[in-house]
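Let me begin by presenting the structure, written as structure tokens, before commenting on it.
The values are calculated or read from the model by the stated rules, or taken from the named source; none is laboratory data. Worth saying up front: this structure is predicted, and the values here are computed from it rather than measured. Don't worry about glycine lacking a Cβ; one is built from the backbone with ideal geometry, like all the others, and counts go over all protein chains shown.
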Amino acid sequence: MTKATEKSKDDNLNFNQPIAVHIRDARALAVFWGQLTEYRNDVAHVQMRKSPFSGKNLEDFALNRLLSSLESIFPTLTQSSDLEENNSNQR
């Protein structure tokens, strides 16, 4: 990817959305969202792509990387004390 392409890609990202207040690194979210989309599409389309992920790769992502990635991107939304407080406020 050239610097010009990378810059224009960054220009399309809007990091001023309300959800961004919960995110340490919006770029990490953008990268993770792309990965999540790829895994989701592979599962939804029953690995019909030319280069599907292996079952082991899908399992590794689901068991070892999915939650840890979400926790690192959304630390304030995944801390147990915050979750308990949010749940008690909704009652």
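Couple of notes before you dig in:
- Those residues of the stretch 8-66 which are aliphatic (A, V, I, L, M), at pLDDT below 85 and farther than 19 Å from residue 77 by Cα, in sequence order: 13, 46, 48
- Within the stretch 60-79, the set of residues being touching a His at 6+ places or on another chain (Cβ under 6 Å) and surrounded by 15 or more Cβ atoms within 10 Å (Cβ to Cβ) comprises just one member, 74.
- Restricting the search to helices (runs of 4 or more DSSP H) fully inside the stretch 21-78 and requiring at least 2 residues that are within 12 Å of the chain's Cα centre (by Cα) gives 26-44, 66-73.
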